[in-house]
Amino acid sequence: MRNKKLTRSFYVRPTLIVAKELLGKYIVRKIGREKLVGKIIETEAYIGPQDKASHAYEGKVTPRNRAEYLIGGHIYIYLVYGMYWQLNITTGKEGKPECVLIRALELPQTKPKNLASGPGKLCRYLKLNKSFYEEDLTRSKRIWLEDREEKIRPSQIVATKRIGIDYAGPYWSRRKWRFLLKKMIK
């Protein structure tokens, strides 16, 4: 099996498609000679200016969210509660602020099971911080995504409502734009 780095064409597609197809892909984080690797098992989609849960709602541009406006395949990372980094990947065309939050990773069996079981935990595991803001996953030498030819069938994916966005109102908070692999549901 050959590991293939994801190219720009993967990321510039519609956000909801990318959010589902990120499941089963691998994040590779290189630190010196060490590689930290995890399989993406949970994602959450945000579709820009019309999405009340998006940081770019109503076309808002701030120093915090300007990375959302980059062409698909860039990192949009931000801090919540002053302590937890959140890893998002931009999707679609430049100037169209859409992204996918990476919510959880499955790690090799040699690692503790819950080490990357949430957005903040996975950023801690991968040693991610603000220095990754606007990083291009298609060109980076320190972080990228790979397709390891693991086929994920639509029947293996569960769609649920997004987490922690009740402030966006019932229409947006009930959108089933959080995607998980079935075997990961407890």
Original post:
In the stretch 142-186, which residue that is closer than 30 Å to Gly32 by Cα and at pLDDT 95 or above is farthest from the chain's Cα centre (by Cα)?
Top reply: Arg142
**OP:** Mind listing whichever residues of the stretch 89-102 are under 14 Å from the mean Cα position of the chain (by Cα) and surrounded by fewer than 24 Cβ atoms within 10 Å (Cβ to Cβ)?
**Re:** Gly92, Leu101
Original post:
Exactly one of (1) surrounded by fewer than 16 Cβ atoms within 10 Å (Cβ to Cβ); (2) acidic (Asp, Glu); (3) closer than 26 Å to Ile31 by Cβ is unmet by Glu58. Its number?
Top reply: (3)
Original post:
List the pairs whose first member sits in the stretch 24-41 and is farther than 17 Å from Asp147 by Cβ, whose second member is of a type in the set (D, E, K, R) and not in a strand (DSSP E or B), and whose Cβ atoms are under 9 Å apart, counting only residues at least 6 apart or on separate chains?
Top reply: Lys30/Lys141; Lys30/Arg142; Ile31/Lys127; Ile31/Arg142; Leu36/Lys127
Original post:
So how many residues does the stretch 18-32 have that are among the aliphatic types (A, V, I, L, M) and within 14 Å of Leu107 (Cβ to Cβ)?
Top reply: 2
Original post:
Are any residues in the stretch 134-156 small (Gly, Ala, Ser) and surrounded by fewer than 17 Cβ atoms within 10 Å (Cβ to Cβ), and if so, which ones?
Top reply: Ser155
**OP:** Taking Glu68 as the residue in question, decide whether it is in contact with a Ser or Thr (Cβ under 8 Å, 6 or more places away or on another chain), on the phi < 0 side of the Ramachandran plot and without any contact (Cβ under 8 Å) to a residue 60 or more places away in the chain.
**Re:** yes
Subject >> Residue ranges of strands (runs of 3 or more DSSP E) in the stretch 29-138 with at least 3 members hydrophobic (A, V, I, L, M, F, W, C) and within 22 Å of Ile152 (Cα to Cα) >> reply: 34-46, 99-106
**OP:** Scan the stretch 147-186 for residues that are part of a loop (DSSP other than H, G, I, E, B), farther than 14 Å from Leu101 by Cβ and in contact (Cβ under 8 Å) with a residue 40 or more places away in the chain and report the count.
**Re:** 6
**OP:** Run Asn114 past the list (1) more than 17 Å from the chain's Cα centre (by Cα); (2) farther than 19 Å from His55 by Cβ; (3) in contact (Cβ under 8 Å) with a residue 12 or more places away in the chain; (4) loosely packed, with under 13 Cβ neighbours inside 10 Å and report the number of the one that doesn't hold.
**Re:** (3)
Subject >> So Val12, is it closer than 25 Å to Leu79 by Cβ and in contact (Cβ under 8 Å) with a residue 24 or more places away in the chain >> reply: no
Original post:
Among the residues of the stretch 15-28, how many are under 18 Å from Leu115 (Cα atoms) and not in a loop (DSSP other than H, G, I, E, B)?
Top reply: 3
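The values are calculated or read from the model by the stated rules, or taken from the named source; none is laboratory data. In this text, all values refer to a predicted model and were calculated from it rather than measured experimentally. Note that we place each Cβ from the backbone using ideal geometry, even for glycine, and neighbour counts take in every protein chain shown.
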